[in-house]
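Nothing in this text is a laboratory measurement; each read-out follows from the coordinates by a stated rule. Bear in mind that the values here come from a model prediction, so they are computed numbers and not experimental data. Positions of Cβ are backbone-derived with ideal geometry, glycine not excepted, and every protein chain shown enters the neighbour counts.
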Amino acid sequence: MTTTITVIPGDGIGPDIIAATVDILNAAGCDFAYEYADAGLTALEKTGELLPQSTLDAIARNRATLKGPLTTPVGEGFTSINVSLRKQFELYANVRPVKSFKGTQARYENIDIITVRENTEGMYSGLGQVVSDDGSEAQALSKITRTGAERIVRFAYELARREGRQKVTTVHKANILKSTSGLFLKVAREVAAEYPDIQSDEMIVDAVCMKLVMNPEQFDVIVTTNLFGDILSDLCAGLVGGLGMAPGANIGENSAIFEAVHGSAPDIAGQNIANPTSVILAAIQMLEYLEMPEPAARILAALTDVIASGDRTTRDLGGNGSTTDFTAAVIERL
Ligand code: NAI
Ligand code: MG
């Protein structure tokens with residue numbers, strides 16, 4: 001049966017790397033129909049809105065959305081489109097896998113970490129933002145709920161079980177943030193007890209930063225609150241060669257949006273030199289989400305092979321290929 005995917009090409013390098021990825025999905029024999037929609041600067045120019053209702057409808061209609069990076073205009077009172085999407089569709093889980101690929105200049109060779117970040121609460125809930133009239137004091141509220149903590153920790157354990165992972169590490173700062181991080185940790189321990197088949201570990205966020213840099217191979221699945229997850233997942237991307245190698249999924253009960261972690265890269269837009277890897281990896285995440293493991297594994301094997309051989313990869317990976325050369329090389333290996 002044909003599955004319809006919402007595709008948002010996005011801004012800057014977005015249309016190139018999304019087109020590359022759609023070509024690869026088709027070459028892998030995925031039975032998809034694509035419903036194209038605009039968001040970001042592209043949508044603003046066409047419709048006067050960054051996130052048109054028709055795009056929201058398309059995301060709501062289909063089980064999965066593949067999204068290119070979007071440019072949020074700075075200093076014109078626009079709120080981040082990504083934050084709006086997370087709120088609108090209650091995409092509570094931000095899943096960011098990083099993996100070592102041979103043929104990159106990354107420092108480590110055996111990294112395979114998934115960060116599961118709570119995407120709606122914590123320091124980013126936007127609550128209680130106050131700046132005193134004279135500008136000398138500022139406050140913001142962090143809010144953790146039992147429901148929010150439980151669903152993200154459970155999500156992490158279910159993912160670990162489904163993917164045959166060994167260990168889930170809960171990352172917190174409950175020694176200092178006794179109320180919020182304390183509740184998160186308490187709930188995490190309760191959920192962990194329901195998964196005796198998975199090893200459970202807990203660690204304080206600052207220690208995790210040190211250990212990720214010194215010995216990242218010890219980590220498997222990490223689950224944490226919004227702010228810590230934002231920072232740790234970028235740190236993890238750096239361990240495997242940067243944002244060009246890192247995909248992310250935003251998953252809720254009824255919708256899921258798969259994207260690259262990097263932005264629209266206006267400095268290299270329109271030159272056919274962007275590295276499509278992050279979006280290809282996001283598409284692989286999407287295939288796994290849609291329970292299509294066969295094409296997911298095949299695309300990953302082809303991509304791994306092309307990156308390892310090196311010659312037709314993009315410049316940021318040390319190759320001298322264009323986006324289309326890179327894509328053609330992946331398709332040939334399928
Ligand atoms: P960026 O990630 O677009 O670029 C940072 C640097 O990495 C640039 O030098 C760029 O050329 C390079 N780069 C990024 N992706 C690459 C790729 N696939 N291949 C090769 N090189 C790549 O971050 P920047 O410049 O801070 O943001 C640009 C725009 O993107 C902004 O408008 C920002 O709001 C937006 N943005 C959107 C995101 C999203 O939609 N998920 C995430 C981050 C930023
Ligand atoms: Mg971030």
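Details
- With the convex hull drawn around the C-alpha atoms of the range 172-292, the volume per residue stands at 158 Å³.
- In this Cβ point-charge picture (+1 for Lys and Arg, -1 for Asp and Glu), the range 107-170 has a dipole of about 560 debye about its Cα centre.
- Rounded to 5, the percent of DSSP beta bridges in the chain classed as antiparallel: 40
- Taking Lys and Arg as +1 and Asp and Glu as -1, the other residues whose beta-carbon sits under 12 Å from that of Thr304 total +3.
- Ranked Met286, Met203, Met292, criterion: other C-beta atoms within 10 Å, fewest first: Met203, Met292, Met286
- A convex hull fitted around the alpha carbon atoms of the range 73-201 yields 191 Å³ per residue.
- Size descriptors for the chain: radius of gyration and Dmax over Cα atoms are 19.9, 63 Å.
- The range 247-334: C-alpha gyration tensor shape, a/c 1.5 cut-off, then a/b vs b/c: oblate
- In the range 66-130, the GluC sites (Glu not before Pro) that fall in loop regions by DSSP, at most 16 other Cβ within 10 Å: Glu76, Glu90, Glu109
- Translational D in µm²/s for the range 182-251 (Stokes-Einstein at 4 °C, 1.567 mPa s, Kirkwood Rh from C-alpha pairs): 95
- Centre-to-centre, using Cα atoms only, the range 7-52 and the range 253-292 are separated by 10 Å.
- Over the chain, DSSP H runs of length four or greater, each weighted -39,500 (n - 2.57), average out per residue to a 222 nm ellipticity of -12500 deg cm²/dmol.
- Integer Hz, Karplus 6.51/-1.76/1.60 couplings in order for the range 144-160, x for Gly and Pro: 10, 10, 4, 4, x, 5, 5, 5, 6, 5, 4, 4, 5, 5, 5, 5, 4
- Relative contact order (%) - the chain, alpha-carbon pairs under 8 angstrom, separation at least six: 23
- Partner lysines for Lys186 [C-alpha distance under 22 Å; skip if fewer than 8 residues away on the same chain]: Lys143, Lys167, Lys173, Lys178
- Positive-end residue of Ile268, Leu227, Met286, charge dipole of the range 175-334 with Cβ unit charges: Ile268
- Global form of the range 97-148, assessed from the alpha-carbon gyration tensor, a/c cut-off 1.5: oblate
- Bridging of Lys46 to lysines at a Cα separation below 22 Å is possible for Lys67, once same-chain residues fewer than 8 apart are set aside.
- Under the combined filter of DSSP loop state and at most 11 neighbouring Cβ atoms within 10 Å, the range 273-333 retains these GluC sites (Glu not before Pro): Glu291.
- Cleavage-rule hits, trypsin sites (Lys or Arg not before Pro), the range 24-122, DSSP coil, Cβ neighbours within 10 Å at most 12: Lys102
- Rounded, prolate or oblate (a/c below 1.5 giving rounded, otherwise prolate when a/b exceeds b/c) for the range 1-65 by Cα gyration tensor: oblate
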